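Here's the structure we're looking at; comments come further down.
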Amino acid sequence: MADLNDPARLAELRGAVLRAEADAILDACVARAAKLARSPIALVSLLVRHVQLLRAQYGLPLELAVSCATSRSNSFCQLVVLDEAPLIVDDALRDERVPKDLVESYGIRAYAGVPVRAQGHVLGALCVLDVVPRRFDQRIVGALEQLAIDVSGRLSALTLGDAPLASADVQERLVRVEQATRALERALLALSPVIAAAQAATAGPRVGASRGIDASRATHVTPASLRAAVSCWRDMGPVADELCEEAAAIAGASPCEAASGLATEARALARNLAEIGPLVRLAEGVLDGTLGEAAAAKGRALVLRGALDAHEAASAAVQKLRAGALRARAATAGPGSGAAAPPGAA
C-alpha cells in the first residue's frame, strides 16, 4: 500500500500541475471519459496533503466546480492512490471501503477510477461517477486506463515544464527568495478574513481557534476586505512559482545543506497555497454572485479543515524559507562579500 504523504510523490505536485486554470488536454480527457462511460460526472483528481484537487472536471455541481476540491479524507480517489490500482464501486451506499460524505451530500452512488502518474508516482485518478448504483464493466475500465495514459502524459509534461530560471548569482537569488517570503507572509495574513468568515459561516469559532485565527471577528469582515484577500491570494501564485524556480536553481548551484533544503520547502509552500485556493474560490463565488450561500456552505464543509491546516503549514514554511535563505547567504558568501543577514531579518 502506498503512502499518500510520501515526499517523493508530493514533490511531483508542483507548479503548473497544481494550477486551477483549465487545461484543454485534461478537459478533453474527462469529457471523453464521461461519454464512454455514459456517466454524468468525470474528474482528474490530484491527492495533495490535505485536499483532493480536481484538476479537470465534467458535470460537477457548481460549488465543487468553483472550489475545484474536496477534502482528501472524503475522496474515493484516495483508495486508487493508496492501492495504485483501479477502484470500482457499484453502490457507494453499501460499500464499506469508501467514505460516505459525498454519498450523503451529493448522492454519489457509483464510481470507477484508475491511477494517473507523473515521473513514476501515482498523483491521483481519472474517474467517472454516477448518482445511481450501477456496474462499470471491464470494457469501461480498460478504456479509462487508456485515457489515463494521455492524462499521465500531460501531467508529466506539466511537471517537466517547470524548469529552473537561467543562471544567476546565488547571492542575488537568495536575496530574491528572502524578499518573496516577506511578501508571501503579508499575503497569508491578508487571507485571514476569508478563513475567519468561512469558519463562522460553516463551523463556528471553535474550529481552528488554536491556529490563531479569530472567527469571532468574521462579523466585521466586509465584502471589500474579502475581495482584497481574494486578489491577494491570486497574486501569491506567480510569486510562489518564481520562488520555487529560484530555490531549485540555488539548490543546483550550491552544495551547502541550507541551500538544498530551500527547494523542498518552496515546493511544500506552493502545495499549501494550492490547498488554500478552494476556500478562496468559494468566497469569490459568493462575492460575485456565482454561488448562493447554501451551495457555498456545502463546498466549505468539504475544504475548510484542509484550508486551515494548509494556511498554518504555509505560514510555517515561509518562516523556514526565510531562515534557510539567511543561513544559505551566510554559508555561500565569499570572504569580504558583506553578505550578512540584513538587520531585523532573523
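One table, with the values for the structure above:
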{"item": "Checklist (1) open to solvent by 10 Å² or more (accessible area, probe 1.4 Å); (2) part of a helix (DSSP H, G or I); (3) closer than 20 Å to Gly299 by Cβ applied to Val30, failing item", "result": "(1)"}
{"item": "Residue match in region 46-61 (condition: free of Cβ contacts under 8 Å to residues at least 12 places away in the same chain and within 28 Å of Ala295 (Cβ to Cβ))", "result": "no"}
{"item": "Residue in region 117-127 that is aliphatic (A, V, I, L, M) and touching a Ser or Thr at 6+ places or on another chain (Cβ under 6 Å) present", "result": "yes"}
{"item": "Residue that is nearest to Ala125 (Cα to Cα), among those in region 156-183 that are under 21 Å from the mean Cα position of the chain (by Cα) and modelled with pLDDT of 75 or more", "result": "Ser156"}
{"item": "Sole exception among (1) out of contact with any strand residue (DSSP E or B) (no Cβ under 6 Å at 6 or more places or on another chain); (2) not in a helix (DSSP H, G or I) for Val17, by number", "result": "(2)"}
{"item": "Failed item in (1) open to solvent by 10 Å² or more (accessible area, probe 1.4 Å); (2) closer than 14 Å to Ala197 by Cα, with Leu282 passing the rest", "result": "(1)"}
{"item": "Residue in region 221-244 that is over 30 Å from Glu172 (Cβ atoms), modelled with pLDDT under 85, touching a Pro at 6+ places or on another chain (Cβ under 9 Å) and not in a helix (DSSP H, G or I) present", "result": "yes"}
{"item": "For Gln138: the one exception among (1) in contact with a strand residue (DSSP E or B) (Cβ under 8 Å, 6 or more places away or on another chain); (2) farther than 15 Å from Gln78 by Cβ; (3) open to solvent by 10 Å² or more (accessible area, probe 1.4 Å)", "result": "(1)"}
{"item": "Residues (in a loop (DSSP other than H, G, I, E, B), within 21 Å of Leu60 (Cα to Cα) and open to solvent by less than 50 Å² (accessible area, probe 1.4 Å)) located in region 77-99", "result": "Asp91, Ala92, Val98, Pro99"}
{"item": "Positions within region 285-304 being assigned to a helix (DSSP H, G or I), surrounded by fewer than 21 Cβ atoms within 10 Å (Cβ to Cβ) and not small (Gly, Ala, Ser), in sequence order", "result": "Leu287, Asp288, Glu293, Lys298"}
{"item": "Selected residue [touching a Pro at 6+ places or on another chain (Cβ under 9 Å), at pLDDT 75 or above and not hydroxyl-bearing (Ser, Thr, Tyr)] from Ala295, Ala325", "result": "Ala295"}
{"item": "Region 1-23 residues that are more than 21 Å from Asn74 (Cβ to Cβ), paired with ones that are surrounded by fewer than 18 Cβ atoms within 10 Å (Cβ to Cβ) and not basic (Lys, Arg) (beta carbon under 6 Å, 6 or more apart)", "result": "Glu12/Gln119; Gly15/Asp162; Ala16/Gly161"}
{"item": "Set Ser45, Ser73: member being part of a strand (DSSP E or B) and closer than 28 Å to Arg14 by Cβ", "result": "Ser45"}
{"item": "Residue check for Val116: within 20 Å of the chain's Cα centre (by Cα), at negative phi and assigned to a helix (DSSP H, G or I)", "result": "no"}
{"item": "So Ser39, is it polar (S, T, N, Q), assigned to a loop (DSSP other than H, G, I, E, B) and surrounded by 16 or more Cβ atoms within 10 Å (Cβ to Cβ)", "result": "yes"}
{"item": "Condition broken by Leu102, with the remaining ones in (1) surrounded by 19 or more Cβ atoms within 10 Å (Cβ to Cβ); (2) without any contact (Cβ under 8 Å) to a residue 40 or more places away in the chain; (3) within 27 Å of Arg300 (Cβ to Cβ); (4) in contact with a Leu (Cβ under 7 Å, 6 or more places away or on another chain) satisfied", "result": "(4)"}
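The values are calculated or read from the model by the stated rules, or taken from the named source; none is laboratory data. Everything numeric in this text was worked out from a predicted model, so none of it was measured. We place every Cβ from the backbone using ideal geometry, glycine too, and count neighbours over all the protein chains shown. For the accessible areas, the whole protein counts, side chains as well, though only heavy atoms, and no ligand, DNA or RNA atoms are used. Shrake-Rupley method; radii C 1.70, N 1.55, O 1.52, S 1.80 Å.
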